[in-house]
Amino acid sequence: MPQISEQEFERLPLRVHAFLEGVPLHDAWVIDLPRSRGGITLDEFLRVASGSVFTPSPAAGALLNVRFFVGRLFGWERAPSTTTGPETFADRLTVADRARSLAPAGLRDGLFRVVYRFENEQLVELINRTAHAAALSALVETASTYRFYFAVYVRSVGRLTPVYMALIDPFRKLVVYPSLLRGVRACWKQTVGAV
């Protein structure tokens with residue numbers, strides 16, 4: 001699963017670039033999806049897939065379960081007592097963003113909360129004692145394929161954030177994100193005919 005450079009990712013015409021200005025982009029990924037017909041949007045894909053877009057492999061699921069167990073043990077899942085900047089990225093939404101969003105800010109999406117969902121771009125966030133993270137999904141249609149972009153932004157919530165991110169980086173990049181993106185591809189192949 002190819003990672004792409006920050007420069008390549010920032011060339012995409014996405015709202016997230018201005019919206020999360022000042023929040024470090026941790027990494028960005030892209031996968032190509034088969035184009036059976038034109039006009040499929042990310043919102044349609046997410047609705048048809050109904051929550052099964054990011055299904056991890058058993059190995060990635062096991063790593064995530066270990067992480068969540070350790071997180072519960074050490075209290076990492078609770079919201080931090082203090083954060084820098086806005087309490088949630090949804091505080092940055094403009095009136096126009098809120099009107100354009102197809103899902104309300106704060107809506108639960110698995111472990112995350114929706115910040116916004118536009119036709120071809122969705123931003124979700126997670127705030128706990130390890131990090132304030134945002135995950136972006138975007139879908140771009142080309143002449144021969146669809147390109148699914150996945151990007152992760154991380155804002156520090158304290159001294160633990162850089163240590164935590166350094167410790168989980170190899171697992172995220174080698175196991176978790178490739179597994180999740182393979183899950184996106186499999187879900188696309190199973191559902192795109194129904195879209």
Pair list, Cβ < 6 Å and 6+ apart or interchain, from segment 156-185 residues that are closer than 21 Å to L33 by Cβ to residues that are hydroxyl-bearing (S, T, Y) and open to solvent by 30 Å² or more (accessible area, probe 1.4 Å): S179/S57; G183/T55
Criterion violated by Y149 - all others in (1) open to solvent by less than 30 Å² (accessible area, probe 1.4 Å); (2) over 23 Å from R72 (Cβ atoms); (3) in a helix (DSSP H, G or I) satisfied: (3)
In segment 117-134, what residues are within 13 Å of R15 (Cα to Cα) and either within 9 Å of the chain's Cα centre (by Cα) or β-branched (V, I, T) (or both)? Q122, L123
Sort through R182, R159, R155 and tell me the only one that's open to solvent by 60 Å² or more (accessible area, probe 1.4 Å), under 26 Å from A62 (Cα atoms) and charged (D, E, K, R). R182
Pairs under 6 Å by beta carbon, first residue part of a strand (DSSP E or B) in segment 90-112, partner not small (G, A, S), six or more apart or different chains? D109/V124; F112/V124; F112/L126
Please state which of the following conditions H132 fails to meet, knowing it meets all the rest: (1) touching a Leu at 6+ places or on another chain (Cβ under 8 Å); (2) modelled with pLDDT of 90 or more; (3) surrounded by fewer than 18 Cβ atoms within 10 Å (Cβ to Cβ). (3)
If you go through segment 12-61, how many residues are within 20 Å of V154 (Cα to Cα) and open to solvent by 40 Å² or more (accessible area, probe 1.4 Å)? 8
Restricting to segment 116-142, name every residue that is in contact (Cβ under 8 Å) with a residue 60 or more places away in the chain, within 30 Å of S36 (Cβ to Cβ) and not acidic (D, E). Y116, R117, F118, N120, Q122, L123, L136, S137, A138, L139, V140, T142
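The values are calculated or read from the model by the stated rules, or taken from the named source; none is laboratory data. Quick caveat, the model's predicted, so the values are computed rather than measured. Note: ideal-geometry Cβ built from the backbone for every residue, glycine included; neighbour counts use all protein chains shown. Ligands, DNA and RNA are stripped out before the accessible areas are found, and what is left, the full protein with its side chains, is counted by its heavy atoms. Shrake-Rupley method; radii C 1.70, N 1.55, O 1.52, S 1.80 Å.
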